[in-house]
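Colleague: For reference, the structure I am asking about is given below.
The values are calculated or read from the model by the stated rules, or taken from the named source; none is laboratory data. Predicted, not measured: the structure shown is a model, and the values here were computed from it. A quick note on method: Cβ atoms are made from the backbone with ideal geometry, for glycine too, and the neighbour counts reach across all protein chains shown. Protein only, heavy atoms only, side chains kept; ligands, DNA and RNA dropped before computing areas. Shrake-Rupley method; radii C 1.70, N 1.55, O 1.52, S 1.80 Å.
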Amino acid sequence: QVQLVESGGGLVQPGGSLRLSCVVSGTIFTDVNLGWYRQTPGNQRELVATITRGGSPNYADFAKGRFTISRDNGQNTTYLQMNSLKPEDTAVYYCKTRPGWIDYWGQGTQVTVAS
């Protein structure tokens, strides 16, 4: 069974940084692409960043220059480094993978940017 477990969220002041982690189990990690998404109440989940099996990243426009996605194949973990955080980055952040035809999501981790 594929499982994803996020961690690293919390409360941070504007301009601060956080690093989110997502540990993936139940699939061959090196075979899957990975993604980070976020969702605020009343809104659809939106893409933040993705990383391919080969390590190529892709970012939403709002994330470019501030966020960095990475993966550690030895630890079955993907990371999202978030810098220069803004209040509008406040959301629940989820990681996702799709080893086949089904999307698997983690439980999410809350990020709150406030002073």
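Colleague: Hey, what's the chain come to in accessible area per residue, 1.4 Å probe, Å²? If you can, show how the numbers build up before the last one.
Modeller: Numbers: 6130 Å² over 115 residues.
Here the per-residue accessible area is 53 Å².
Colleague: Given 25 °C and 0.890 mPa s, how large is the Stokes-Einstein diffusion coefficient of the chain in µm²/s, with Rh as the Kirkwood radius over Cα pairs? Working shown, then result.
Modeller: Values: Rh = 14.1 Å.
Answer from the Stokes-Einstein relation: 175 µm²/s.
Colleague: Next question. Where the accessible area of the chain is counted over protein heavy atoms with a 1.4 Å probe, how much of it, in %, is carbon and sulfur?
Modeller: Ligands and nucleic acids excluded, carbon and sulfur give 46 percent.
Colleague: A follow-up question, please. How far is it, in nm, from the label point at T30 to the one at T68 when both lie 7 Å from their Cα along the line to the Cβ?
Modeller: Modelled inter-label distance: 2.4 nm.
Colleague: Still on this model: Restricting attention to the stretch 22-115, which trypsin sites (Lys or Arg not before Pro) occupy a DSSP loop and are surrounded by at most 13 other Cβ atoms within 10 Å?
Modeller: Sites meeting the loop and neighbour criteria: K64.
Colleague: Same structure, new question: Along the positive direction of the dipole of the chain (beta-carbon charges: Lys, Arg +1; Asp, Glu -1; about the Cα centre), which of I28, G54, N73 reaches farthest?
Modeller: Among I28, G54, N73, the one farthest towards the positive end of the dipole of the chain is G54.
Colleague: Provide the three semi-axes, in whole Å and in decreasing order, of the ellipsoid equivalent to the stretch 9-76 as defined by the square roots of 5 times the Cα gyration tensor eigenvalues. The partial results should precede the final answer.
Modeller: Values: eigenvalues 101, 39, 36 Å².
With the √(5λ) rule applied to the stretch 9-76, the semi-axes are 23, 14, 13 Å.
Colleague: Using amide H atoms built in the peptide plane, which far-off residues or other-chain residues are under 5 Å from L85 H to H?
Modeller: Long-range HN contacts for L85: G15, G16.
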